[in-house]
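The values are calculated or read from the model by the stated rules, or taken from the named source; none is laboratory data. Just so you know, these numbers come straight off a predicted model, no measurement behind them. A quick note on method: Cβ atoms are made from the backbone with ideal geometry, for glycine too, and the neighbour counts reach across all protein chains shown. Just so you know, the surface numbers come from the protein's heavy atoms only, side chains and all, with ligands and any DNA or RNA stripped out. Shrake-Rupley method; radii C 1.70, N 1.55, O 1.52, S 1.80 Å.
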Amino acid sequence: MDKVQLGPQPYMSVMPALLVGANVKGKPNYMTAAWATVACMAPPMVCVAVNHARHTAKGIEENGTFSLNVPSAKQIVETDYCGITTGARADKSKVFESFYGKLETAPMAAGCPVNIECRVFKAVDCGSHTLYIGEVAEVYADRDCAKDGKPDISKIDPLVYSQSAYWQIGKQAGKAFSAGMAYKKK
Ligand SMILES: Cc1cc2nc3c(=O)[nH]c(=O)nc-3n(C[C@H](O)[C@H](O)[C@H](O)COP(=O)(O)O)c2cc1C
């Protein structure tokens, strides 16, 4: 074993590049977020860590709703722009065309292949960031990016964030819940 200690850092090595949508004073705002994941299966929940200073945080607090939008690699410029520009100083409401769903106050980016509409279940103040856990009200997917009732990663072509860069998904390495069947006890 040859390990180096990298120190306590919150880096998962592999993270999704998403857009958090929230209405701030009635206007859609989109913020890039990589610190996001699934929180619960039943009821379905996702979560995202949002720094207190973000304009987006104001909108989530104001409405108790937000969206997670999955951009495709071809939206890299818009995605990164939303991560280097604050809605406090620039109007980001036209970067994506917005639509609203069941909750009526969580703007979703129509151009992103998958949109997850959430109502805040819990907001956990962790320090610099608040972890917003959202109960999923609905998932919207472009028709050609859905297969058997689920988002189809090969069609979505999502962005992965790691080491200050965006990456694209490579080839499938194997089937989950079955590759392990080949394990031979030592
Ligand atoms: C790739 C990338 C990932 C980011 N991930 C997060 C994140 O998970 N949480 C967060 O609070 N800020 C994150 N940021 C920073 C915000 O997106 C950035 O500060 C943005 O300008 C905030 O916009 P707002 O002030 O309009 O909300 C990320 C930025 C980039 C470029």
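The set of residues in segment 148-173 that are over 16 Å from the mean Cα position of the chain (by Cα) and on the phi > 0 side of the Ramachandran plot comprises Asp148, Gly149, Gln163, Ser164.
Under the condition of being farther than 17 Å from Asn23 by Cα, within 9 Å of the ligand (Cβ to nearest atom) and buried (at least 17 other Cβ atoms within 10 Å of the Cβ), the residues counted in segment 67-114 number 1. Just to be sure before I move on: is Gly87 touching a residue at least 60 places away in the same chain (Cβ under 8 Å), touching a His at 6+ places or on another chain (Cβ under 8 Å) and either of a type outside the set (S, T, N, Q) or not in a strand (DSSP E or B) (or both) in the structure I sent? Criteria met by Gly87. Residues that are modelled with pLDDT of 95 or more, part of a loop (DSSP other than H, G, I, E, B) and open to solvent by 60 Å² or more (accessible area, probe 1.4 Å) within segment 156-168 comprise just one, Ser164.
Which members of segment 15-38 meet the condition of being open to solvent by 80 Å² or more (accessible area, probe 1.4 Å) and either under 13 Å from the mean Cα position of the chain (by Cα) or within 8 Å of the ligand (Cβ to nearest atom) (or both)?
Across segment 15-38, the qualifying residues are Trp35, Thr37, Val38.
Tell me which residues, restricted to segment 39-52, are within 14 Å of the ligand (Cβ to nearest atom) and open to solvent by 80 Å² or more (accessible area, probe 1.4 Å). Selection gives His52 alone. Quick one: is Gly174 open to solvent by less than 60 Å² (accessible area, probe 1.4 Å) and either touching a His at 6+ places or on another chain (Cβ under 9 Å) or not in a loop (DSSP other than H, G, I, E, B) (or both)? Answer is no for this residue. No other residue among Ser98, Ser154, Ser164, Ser128 is over 20 Å from Ala33 (Cα atoms) and among the hydroxyl-bearing types (Ser, Thr, Tyr) apart from Ser154. Picking from residues in segment 141-151 that are open to solvent by less than 60 Å² (accessible area, probe 1.4 Å) and part of a strand (DSSP E or B), the one that is farthest from Ala33 (Cα to Cα) is Ala146. Of everything in segment 119-170 that is aromatic (Phe, Trp, Tyr) and away from the ligand (no atom under 16 Å from the Cβ), the residue that is nearest to His52 (Cα to Cα) is Phe121.
Here Ile60 clears all of (1) open to solvent by 60 Å² or more (accessible area, probe 1.4 Å); (2) in contact with a strand residue (DSSP E or B) (Cβ under 8 Å, 6 or more places away or on another chain); (3) modelled with pLDDT of 95 or more; (4) not in a strand (DSSP E or B) except the condition numbered (1).
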